[in-house]
Amino acid sequence: MRRIDVGLYDYDWHHSIYFFIVSPDEQIYLRYGGRDAAAADSYLDLDSFALALEAGLQEHERWTAGELPPRERPEPFFAGELPRLRRQEIERGRCIECHMIGDYRAAERERAGLLDKRREMFRSPDIRDLGIHLDVPRGLVIERAEGAALAAGLRPGDAIVRFAGARVLTFGDLHYRYDGVERSAERVEVTVEREDVGPVELVIELPPLWWVSDIAYRYWSIDPQIHVSAAPLTEARKDELDLEPDGFACEVTRVHRRAAVMELHELEPGDIIFSVDGVESDPPIPDCLLYLRLNVTAGDATTLGVIRGGVRNLMTARTHRQRFRKYGTP
Amino acid sequence: MTTPVSRLAPLALAAFTALPVAAASQPGQPETLEWISNYQQAVALARETGRPLLVEFRCGP
């Protein structure tokens, strides 16, 4: 892995398996891979893999015939350029696992003050949150459209051929392009091939917080954890407690064992967290835990405004900097 | 349908894992595949033969 140009082979490094089909001069024809929070193989099966292989060979025929325009090669990047990864893994002769590249890189960017957690921690948003449900064995054919996708005009049987301005041949391509959409974007363009009609250009209006997905399986070291579950308060409950209507107050529903073992805080089920480091609202963030994850550096302490038994107090909570099969903290 | 394994035959294969997959590759036996764990070697083979590369990254063996 240390001699692989991961600038060229850029992908979401938390995917368990990922393929590229590339030309002899290293132009990427397509990607095959991608997952969701439920499973590493939600979008992978032999039928869609066979379709990807066929598409890759067709692209190769076009390349051989000189029909594919040359693409600019991305800036080269090698795992050894990450100082901590080099020290803690390479120089100790340890194997570099794929996810380490993503995690060390993100941690490096966090230290440099360059990390955009909306984009880099919440990677690979779930297309089902747009209402796109694919018929996985058929590649990019839509099985069902609902929500934003339905409103945009996508229909069952449509095959997605362009997304966010780029041609897409596989779910891996689509997922990668979707991940690349600016988190501040309000819409995304999609072209589908519709039977008996041909190409149809559509615009999907992105719902608020479209980029938020369940990232628990990643064990990001940049994702601060206080190991509680919490539910946002209803408007009526906020009103009752005299809290800001657009605030992110939430009620602790469960304190996980690890919080006690690590002595992170003294939160209890039923506590209302109404502020994080003095901030009570940040629309459209709907709940305190999401605000905390986006705004607190993993491993740091944070001050929570807590209502317990009707009394408001400030409570210090330490956050846990997670590790995922790493020998040292990046 | 044809299995993906037989469709892999026209490609040069490169895999990057803790334990690269290796299978015997004999002329006239398209169902057997040889994965190359050295990327530079795989690119050289692709250039020499004009075949595209199937590059695999995976977690674990």
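Laboratory data are not the source of any read-out in this text; all were calculated from the coordinates shown. Just so you know, these numbers come straight off a predicted model, no measurement behind them. Because the Cβ atoms are built from the backbone with ideal geometry, glycine has one as well, and the counts that use them run over all protein chains shown.
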Tilt of helix A:46-64 relative to the longest C-alpha principal axis of chain A, in degrees (0 to 90, nearest 10)? 50
So which chymotrypsin sites (Phe, Trp or Tyr not before Pro) in region A:1-30 end up in coil per DSSP with only 14 or fewer other C-beta atoms within 10 Å? none
Please state, as a whole number in µm²/s, the translational diffusion coefficient that the Stokes-Einstein equation yields for the protein assembly as shown at 20 °C and 1.002 mPa s, with Rh defined as the Kirkwood radius across alpha carbon pairs. 92
Given A:Ser184, A:Ile127, A:His99, which one lies farthest toward the positive end of the charge dipole of region A:98-210, if we put +1 on the Cβ of every Lys and Arg and -1 on the Cβ of every Asp and Glu? A:His99
What FRET efficiency do you get for A:Leu150 and A:Asp196 if R0 is 30 Å and r is their Cβ-Cβ distance, rounded to the nearest 0.05? 0.90
Looking at A:Ala79, A:Thr316, A:Pro24, which one has the Cα that reaches farthest to the positive end of the dipole of the protein assembly as shown (charges on Cβ: Lys, Arg +1; Asp, Glu -1)? A:Ala79
Can you pull out the GluC sites (Glu not before Pro) in region A:33-83 that DSSP calls coil and that have at most 15 other Cβ atoms within 10 Å? A:Glu67, A:Glu72
Using 0.36 nm per residue, how much length does the chain from A:Thr297 to A:Asp242 gain when fully extended, once their Cα-Cα distance is taken away? 16.9 nm
With DSSP loop assignment and no more than 16 other C-beta atoms within 10 Å, the chymotrypsin sites (Phe, Trp or Tyr not before Pro) in region A:190-250 are A:Tyr219
Would you compute, from DSSP H runs of 4+ residues alone, the mean residue ellipticity of chain A at 222 nm, taking -39500 (n - 2.57) per run and dividing by the full residue count, rounded to the nearest 500? -6000 deg cm²/dmol
By count of other Cβ within 10 Å, fewest leading, how are A:Val261, A:Val212, A:Val161, A:Val252 ordered? A:Val261, A:Val161, A:Val212, A:Val252
HN-Hα J in Hz across region A:14-25 - Karplus 6.51, -1.76, 1.60, θ = phi - 60°, x for Gly and Pro: 8, 6, 6, 8, 8, 10, 10, 10, 10, 7, x, 9
On full extension of the chain, what length is gained from A:Arg62 through A:Arg254, given 0.36 nm per residue of separation minus the C-alpha to C-alpha distance? 63.5 nm
Fully extended, how many nm does the chain gain between A:Glu280 and A:Met262 (0.36 nm per residue separation, minus their Cα-Cα distance)? 3.8 nm
Compute and list, largest first, the equivalent-ellipsoid semi-axes of region A:258-317 from the alpha carbon gyration tensor, each √(5λ) rounded to a whole angstrom. 17, 16, 10
For the residue pair A:Arg84 and A:Val203, what label-to-label distance in nm results when each label sits 7 Å from Cα along the Cα-to-beta-carbon direction? 4.2
Efficiency by 1/(1 + (r/R0)^6): what FRET value for A:Thr234 and A:Ala166, r their Cβ-Cβ distance, R0 = 41 Å, to the nearest 0.05? 0.50
Grab the beta carbon distance between A:Arg318 and A:Ala216, set R0 = 25 Å, and tell me the FRET efficiency rounded to 0.05. 0.80
